[in-house]
Each structure stands twice: as C-alpha cells, then as structure tokens.
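The structure appears right after this line, and notes come after that.
None of the figures in this text is laboratory data; all of them are computed from the coordinates on show. The structure presented is a predicted model; accordingly, all values stated were derived computationally and were not measured. No Cβ is skipped: glycine too gets one built from the backbone with ideal geometry, and neighbour counts run over all protein chains shown.
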Amino acid sequence: MLKKICLRLWHVITVPAQRRLFFKLLVIYLVIAIPFKTLELLPNLAHIRPNSALIPVYGFLYGPVGAWVNSWGSFLYDIITNSLTKSTVAGNVANFIIPLFMYYMWRHFVGTRFQLTCWRELGWYCLISILGALLKVLLIAPVVEFFYPSVNVETFEIAVAATEIVFYLVPGIAILILLQNMYGLQGFDVDDPEEATVAADGMAEEK
Amino acid sequence: MNRLQANLCLLTVVICWAFEVMLQKNVPSYVPVIAVMTFNNLIGCTILAVVFWKRIREHLNKKLCLSVLPLGVLNLLYNYLNFSAIRYLSPDVCTFVNTLTVVLMPIILFIFFKEKLQWQVWLGAVLVLAGIVGSLDLSFPKEQTIGLALMGAYAVAWAVYLIMLNKLAKDADAITLTTLILGTVGGMCLIGWVAPNPQAALHMEYSRAFLASAFADAYFICVFATVLNVYTQKYVSSLDAVALYSMQPAVVLIMAATLPPVLAQKIGLTLVNVGCCALITIGAIICQVDWDALKKHPSGEGA
C-alpha cells in the first residue's frame with residue numbers, strides 16, 4: 001500500500017486534474033486560515049489554527065492531494081502572515097505526514113473506505129486522531145526545543161496536542177459527516193480502479 | 001444521516017457555541033454588541049452567498065424568503081435577550097439557566113402543538129429544572145430575578161425559533177436557508193445599529209483584532225455551526241435538538257477543566273456546579289434517548 005500511496009503523491013505533481021484539485025483545496029485552506037492569525041496560543045510561536053481540522057478531512061477524503069495541501073497551505077500561511085519560524089519546516093513535514101498516517105491507519109485497521117456511521121468507526125477515528133496529534137507533537141517538539149531553548153517545551157507539547165486533538169475531533173468529525181452526507185463525497189481509496197484510471201489517463205494526456 | 005451522525009453534528013454545534021466565548025474575547029470593549037452581530041451575520045451571509053451562489057439561486061423562492069422573516073426576528077430577539085440577561089447573571093448561573101429551553105419546549109409542544117410526549121421527556125425536563133434551580137442563589141436577589149426573567153423570555157423565543165426552524169429545515173436547502181437567516185438577522189442588526197446614529201458606525205475604529213474576530217466568528221459560528229445545525233434539523237425533532245443543546249454546561253465544564261484558558265470559558269469547578277451539571281446532562285440524555293427503539297433493541301442499537 002505504501003508504494004501505491006507514493007505513486008499517488010507523485011500523481012499530484014504530474015496529473016493536471018490532481019493539480020487543479022490541489023489548487024482548489026489550497027485556496028479553501030488559506031481562506032479559512034488567515035483570519036485566525038490573531039489568536040495566539042504561545043506568543044510568536046504557536047497560533048490557534050482551526051485548519052488543523054482539515055488534516056483529517058483532507059487526509060481521509062483526498063489522501064495524497066490532501067497531504068500536499070496541508071503541507072503547502074501551512075507553509076504559505078506562515079509566509080503570508082509573516083509567521084515563519086525556524087520550526088516551520090518541522091510543522092510542514094508533520095502536516096504532510098499526518099494525513100497520510102491517518103489514511104494508512106484507517107485502511108490498515110478498519111479496512112474500508114472512510115465513513116463515520118457507527119460507534120466502531122467513531123472509536124477508530126478518535127484513536128487515530130489522538131495518535132496523529134501525538135505524532136505531530138513528536139515531530140515538532142524536538143525541533144522547537146533545539147531552536148528555542150527558552151520555550152517551555154512541556155507547555156508547548158500540551159498546547160499543540162490539546163488543540164490538535166480538539167480540532168481533529170470537534171469540527172473534524174462534523175465536517176466529514178456533513179461533506180459525506182451533503183455532497184456524497186466518498187473516502188479516498190488508493191485501490192479504487194476508477195481513481196487510478198483517471199490518474200493514468202491524466203498522465204497519458206500530459207505525455 | 002443516521003441518528004449517531006445527527007447527534008455528533010448537534011454536539012459539535014454545542015461545542016462551537018462554547019468556543020464562541022474565546023472568539024468574543026478578541027472584540028474590543030468599545031464595539032457595541034449590535035455591531036458585532038451585524039458584522040458576524042453579514043460576513044457569514046456573504047461568504048455563503050459567494051461560495052454557493054449557484055446552489056442558492058436554484059433553491060431561492062419567495063415563499064422561503066417570507067418564511068425566514070419571522071425566524072430572523074426571533075433570532076434577533078433571543079440573541080438580544082440573552083446578551084441582556086448575561087449582564088445580570090454570573091457566568092456559572094448563566095451557563096445553567098441557558099438550558100431552560102429544554103424545560104419549556106415540551107410545555108410549548110404540548111399546549112400549542114398538541115404533541116403527545118413520552119413520560120421520560122417530562123422526567124428529563126424536571127431533572128434539568130432541578131439542575132437549574134440548584135445553581136441559583138435561593139435568596140433571589142433583584143439582579144438575579146431580572147436576569148432570570150430575561151432568560152425565561154429568551155428560552156421561550158429560542159424554543160419557538162427552534163420549532164419553526166425544525167419545520168422549515170425539513171424541506172428547505174440548508175445552505176440557502178442559513179444564508180437567508182444570516183442575511184435577515186445581519187440586515188436588521190445593521191438598521192438597528194446605524195439608523196439611530198449613523199456617525200457611530202462611520203467613526204468606529206475597525207481594528208485588525210475586531211475584523212479578525214468577526215471573520216473567525218462568521219466562519220465558525222455563523223457559517224459552520226449554523227449550516228450544520230440547519231442541515232441536521234432534517235433528521236431530528238426539535239425536542240431532540242434542544243436536549244442535545246442542553247449538554248452545553250457539561251461541555252463548558254469539561255473545557256474549563258481540560259483546556260488552556262485561551263480556549264475555554266471561565267467557570268468554577270465547584271461541587272454545586274458539577275452536581276447541577278450532572279442533573280442537567282442526565283435530564284437531557286433522558287429526553288434525547290429514543291425509548292421505543294431502546295425497548296425493541298435493548299443492546300442500544302436503536303438509541
């Protein structure tokens with residue numbers, strides 16, 4: 001499955017339809033993110049980013065495209081709002097890895113396309129979200145500790161984990177349910193032959 | 001959308017409302033409440049209109065526009081009453097008294113809509129009422145009595161609003177309906193704010209903090225929470241929705257206990273508060289559970 005995911009990540013760069021989707025999702029990401037710039041969690045270091053809710057949403061519904069959008073969206077947000085720090089790259093890497101991690105875990109443990117229709121699926125979603133938030137802390141905190149020794153790392157870790165978990169669970173769940181019910185969006189499936197054909201056609205068209 | 005999904009969506013709406021306090025902290029104190037409401041609603045309406053213009057145009061009709069007018073008036077009225085009541089009540093009491101609607105809703109449904117309700121609903125309402133009474137200062141100081149009267153009026157307005165919204169949302173498109181409600185409320189607030197003193201609106205300082213807060217509120221509360229709320233009304237009864245909204249004290253208490261102060265509303269974690277919150281939450285759950293389905297599927301599948 002990892003090989004297929006890597007191939008789909010490559011498709012986002014090479015296939016026009018995937019690129020268009022990438023830009024569309026990126027615009028939505030930035031439009032939602034920018035107004036929240038003023039809500040500081042740790043001054044000059046951590047802002048409240050409701051866009052964290054888009055990590056599971058983009059990850060489960062769009063897979064690799066979602067991973068690219070989360071990473072680039074977070075990076076562009078930092079540039080636009082003049083919030084670039086030495087730990088920005090770690091944040092971008094985390095935002096890229098976590099949607100893929102969530103998708104991979106869901107496929108591995110639940111085995112179906114993403115949906116939240118029963119307690120079992122909800123339980124798995126919560127568990128995967130908490131693990132995703134902890135992974136984010138693991139990826140960012142050492143970098144912050146290295147570049148900013150004066151920052152209380154423990155406070156930083158708690159703040160990041162708490163806000164990530166809150167946003168993955170609270171708006172995250174509702175956005176996923178709403179999008180799947182209102183627009184009939186299906187969870188991303190790396191094995192979906194239709195999606196694979198679209199990607200392959202796009203590549204052939206480009207060639 | 002199944003029952004579990006609908007409940008999760010309504011619970012999210014409640015949590016979003018609890019987070020609104022955090023967004024309001026950023027609003028400078030010189031900005032009047034009516035200006036905040038004007039901006040939040042009009043920004044929310046504009047975002048929806050721009051993004052979903054095609055969809056809205058498809059579903060828009062004269063009948064729907066006329067049906068939304070009383071909803072807009074009620075929305076404005078209950079918000080005004082709520083803001084006014086907050087001045088007279090402590091944050092703790094205010095959080096608990098907010099759930100009065102779950103007590104009044106069955107009464108309104110029974111008297112005015114002749115709906116037959118299960119005895120569990122009445123039991124739940126009594127428990128919620130006990131939780132509210134437990135949170136009050138029983139010597140009834142004047143300030144609290146005024147606050148309670150305003151809260152009572154607010155609860156009636158909100159209950160009627162929810163019953164009407166629930167009926168209207170069953171057939172209407174959620175996004176079109178939300179856009180119309182936000183536009184109506186925003187428009188009425190604009191008139192109420194600008195008409196008495198046009199200079200005030202022109203000379204008010206539009207700081208970055210205020211505008212950012214207005215956008216954040218518009219996204220999260222006006223657009224996201226309202227669309228979610230309206231969309232979910234298709235799948236639940238007004239009573240179910242109100243019962244879920246009554247989980248708010250529990251949500252606020254849990255947030256106060258677990259989240260950093262920047263994210264949570266200040267509420268005392270006293271034994272009385274926890275006890276009242278437990279009574280209200282149990283009452284709300286009793287109201288919300290589908291007892292008939294539970295009898296058919298004792299494992300809880302139907303609930």
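Annotations
- Value of relative contact order over segment B:62-199, rounded to a whole percent, pairs C-alpha under 8 Å and six or more apart: 46 percent
- Normalised contact order of chain A, rounded percent, pairs of Cα under 8 Å and 6 or more residues apart: 27 percent
- 222 nm mean residue ellipticity, helices alone, for the protein assembly as shown (DSSP H n ≥ 4; -39,500 (n - 2.57); rounded to 500): -24500 deg cm²/dmol
- Of A:Thr88, A:Thr14, A:Thr117, the one that fluctuates the most in a GNM where chain A has Cα springs shorter than 10 Å: A:Thr117
- Report note on the peptides B:83-93, B:157-167, B:137-147: ranked by the mean count of other C-beta atoms within 10 Å, highest first, their order is B:157-167, B:83-93, B:137-147.
- R0 of 25 Å, Cβ-Cβ distance B:Lys167-B:Glu20: FRET efficiency to nearest 0.05: 0.45
- Long-range Cα-Cα pairs in segment A:49-207 (distance over 18 Å), rounded percent: 61 percent
- Basic side chains Lys and Arg get +1 at the Cβ, acidic Asp and Glu get -1 at the Cβ, and with that the dipole of segment A:50-207 about its Cα centre reaches some 340 debye.
- Cα centroids of segment B:134-212 and segment A:104-118: 40 Å apart.
- Label-to-label distance, A:Cys126 versus A:His108, with points set 7 angstrom from Cα along the beta-carbon direction: 2.2 nm.
- Build a GNM of chain B with springs between Cα atoms under 10 Å apart, and of B:Lys234, B:Lys54, B:Lys170 the one that fluctuates most is B:Lys54.
- With a simple spin-label model that places each label point 7 Å from the Cα along the Cα-to-Cβ direction, the separation between A:Thr85 and B:Leu271 comes to 4.3 nm.
- Residue among A:Asn95, A:Asn70, A:Asn152 with the largest mean-square fluctuation in a Gaussian network model of chain A, springs linking Cα atoms under 10 Å: A:Asn152
- In terms of its alpha-carbon gyration tensor, segment B:156-264 comes out oblate; a/c meets the 1.5 threshold, while b/c is at least as large as a/b.
- Oblate is the label for segment B:58-118. Its Cα gyration tensor axes, ordered a ≥ b ≥ c, give a/c of at least 1.5 and b/c at or above a/b.
- Length released on extending from A:Ile158 to A:Val27, taking residue separation times 0.36 nm less the Cα-Cα span: 44.2 nm
- At R0 = 35 Å, FRET efficiency that the Cβ-Cβ distance of B:Leu138 and B:Arg3 yields, to 0.05: 0.35
- Normalised convex hull volume, segment B:64-201, alpha-carbon set, Å³ per residue: 142 Å³
- Within 10 Å of each Cβ in A:152-159, the average number of Cβ atoms from other chains: 1
- The overall shape of segment B:133-183 is prolate: from the C-alpha gyration tensor, with semi-axes ordered a ≥ b ≥ c, the ratio a/c is 1.5 or greater and a/b exceeds b/c.
- The mean of 1/r over all distinct Cα pairs in the protein assembly as shown, once inverted, gives the Kirkwood hydrodynamic radius of 24.3 Å.
- Its residues counted as N, chain B yields a C-alpha radius of gyration over 2.2 N^0.38 Å of 1.00.
- Label point 7 Å beyond Cα of B:His59 along Cβ direction - residues of segment B:204-233 with amide nitrogen under 19 Å: B:219-233
- Charged-residue dipole, Cβ positions (Lys, Arg, Asp, Glu), segment B:49-155 about Cα centre, Debye nearest 20: 680 debye
- Computed over chain B: relative contact order in percent, which uses C-alpha pairs under 8 Å that are six or more apart: 38 percent
- Fully extended contour minus Cα-Cα distance, from B:Glu205 to B:Val50, at 0.36 nm per residue: 53.1 nm
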